[in-house]
Amino acid sequence: MDTIASLFSFITTPVSWVIVQFHKVYGALFGDDSGWAWGLSIVSLVVLIRICLIPLFVKQIKSTRNMQVLQPKMKAIQERYKNDKQRQSEEMMKLYKETGTNPLSSCLPILAQSPFFFALYHVLSSIASGKKIGAINQDLLDSARQAHIFGAPLAAKFTDSVEKVTSLDASLMDVRIVTAIMIVLMSASQFFTQRQLMTKNVDLTVKTPYMQQQKMLMYIFPVIFAVMGINFPVGVLVYWLTTNVWTMGQQMYVINQNPTPGSKAQDAYLQRVLKSVTAHEQVRGRTRRNTVKAIVAKGPDRNDIERKFITGLGKLGLAAQEDGTVQKSETAAADAEGSQTHKRQQPKRQTKAKRQTTGATAGGAKDTESSDADSKTSLEKQDAPQDDKPKSAGKPASGSSRQAKSGQRKGPQRPKHPSKK
C-alpha cells in the first residue's frame, strides 16, 4: 500500500480535496456524517473526471473506427511479411501514419482514469485504517468512518473480517449484501455497454479478427470486474459503478447520434433522418446536415445503407446537396426508380421424380418420332419405280465414282461449259 501511495501521491491530495469540497455542499443538505453526503461526493468526482475526459473519448471513438476499417489492410501486411517482423512493423507504422490512426487512442480514457481510481482507492483504505490523508483531516476522517450506504461503511470490503466490519459500526451480512449487489450491477453495466457496441455500432460489412476480439472482451471484462470487485471498498464500487453507467449512457448517445458507417445503428439513424425530411422537406439540425454532407462527399464510395438513404430522398423528389441540405429535383425520382435493381426470378427447382418423369416422356416422344420417320422412309422405298435395266457388274456407276471423290456434291452435276470440254 505504501508503494501505491508513493506512486500516486501527486494525485491523492487533489482527489481528496475535490471530495472534501463536494462533501461541504452535500453535507449542508444531508448532514456531515450522512452516507449520502459522502456517496454523492464520490459520484460527483466521477462526473467531473468524465467531463474532463470527453475529448479523449472522442479520440477513442475515431481510433476504434479507424482500426476497424484498417483491419483488412493490416491482415494483408501480416500475410505478406509474415517472415520479416521488422518490415511488418515498418509497414504497420507507415499505414498508421498515412491514415492518422493511433492504436493507443482507444485505451486513453481508461489510462487517464487509472490515477484517479488508485488515488481514491488509497484514500478510502486510509479512512478504513483511521489514517489522515491529503485534505482529509481528523474531523473529516471520523465523519467518513461513520458514513454508511444502505448499512455498509464506505471503507468496508466484501472480504473484510467480522472484527474489522464491527469496528466500523456495521454487520458483515449488510456489507456483503450491499457489495454483492453493487458488484453484479457493475459487471452487468459493463457487459451491456460492450454488447450494445457489438450488436448495433459495428460495421457489418467488415469481417475481421478485431470483431472476434471485441466479442471476447464482452464476456471477459465483466468476469474480471466481478473477481476484482470483492476486494474493492464500497466507496470504490460506487466510483466504478458510476463510471460504468456514465460510459453506457455516453455510448448510447454516440450510437444514436453518430453511428459507425455500415452498422445497424446507422441504418436506424438514417431512417429517422429520412422520416424527418419527409415531414418537413428539409434536414433539421446541424448534426444531421453534417451527416448528409459527409454522405454526399463520399460519392460512389457510399455503403449500401447510404445508397438506400439517397434513393429514399429521390423517391420524395429531393436531392441531397453538398452543404447537407436537400432540394427538389425533377430527375431525382427518375434516378431513384432507375437505381432499383430487381432480382431475376429463378425457375422453380423440380424434384428428382419429376425430372425423371420429364426425361422419360421426352425420350418416348423422340423414339416415337424416329419410328414414324423410319416407317415413312420404308413406304417411300416401296412406292418408288424400279429400274428394269440391270447394271453392269464390271463397270461401277458414275455416281459412285463421283461420291468417292471428296469435296464434290452429291446428286446430279451441272453440265460443263462447252469451252471446258
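The numbers here are math on the coordinates, done by the rules we state, and not lab data. Keep in mind that what you see is a predicted model, and the values were worked out from it rather than measured. Cβ placement follows ideal geometry from the backbone for every residue including glycine, while neighbour counts extend to all protein chains displayed.
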Quick one: if you stick a label point 7 Å off each Cα along the C-beta vector at Lys73 and Thr278, how many nm between them?
3.8 nm
Computed FRET value (nearest 0.05) for Val47 with Gln321, which takes r as the C-beta separation and R₀ as 45 Å:
0.65
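Nearest 20 debye, what's the magnitude of the dipole of the range 21-74 about its Cα centre given +1 on Lys and Arg Cβ and -1 on Asp and Glu Cβ?
580 debye
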By the mean-Cβ-within-10 Å protection proxy, highest first, 233-240, 139-146 rank as 233-240, 139-146
Which distance in nm do the two modelled labels at Arg307 and Ala188 give, with both placed 7 Å along the Cα-to-Cβ direction?
4.3 nm
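Please give the length that would be gained between Asp174 and Val25 if that part of the chain were fully extended, namely 0.36 nm times their separation in residues minus their C-alpha to C-alpha distance (nm, one decimal).
Between Asp174 and Val25, full extension yields 50.9 nm more.
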Tabulate in residue order the Karplus-calculated ³J(HN,Hα) for the range 323-329, using 6.51 cos²θ - 1.76 cosθ + 1.60 with θ = phi - 60°, rounded to whole Hz; enter x for Gly and Pro.
8, x, 8, 10, 9, 5, 9
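At 1.002 mPa s and 20 °C, plugging the Kirkwood radius over alpha-carbon pairs of the range 2-257 into Stokes-Einstein gives what diffusion coefficient in µm²/s?
Values: Rh = 20.3 Å.
Taking Rh from Cα pairs, D becomes 106 µm²/s.
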Where a ≥ b ≥ c are root eigenvalues of the Cα gyration tensor, a/c under 1.5 meaning rounded, otherwise prolate if a/b exceeds b/c and oblate otherwise, the range 264-338 counts as rounded
Holding the Cα-Cα limit at 31 Å, pick out from Lys62/Lys328; Lys82/Lys264; Lys62/Lys85 the pairs that are longer than that.
Lys62/Lys328; Lys82/Lys264
Just round it to a whole percent: the fraction of Cα-Cα distances in the range 205-307 exceeding 20 Å.
58 percent
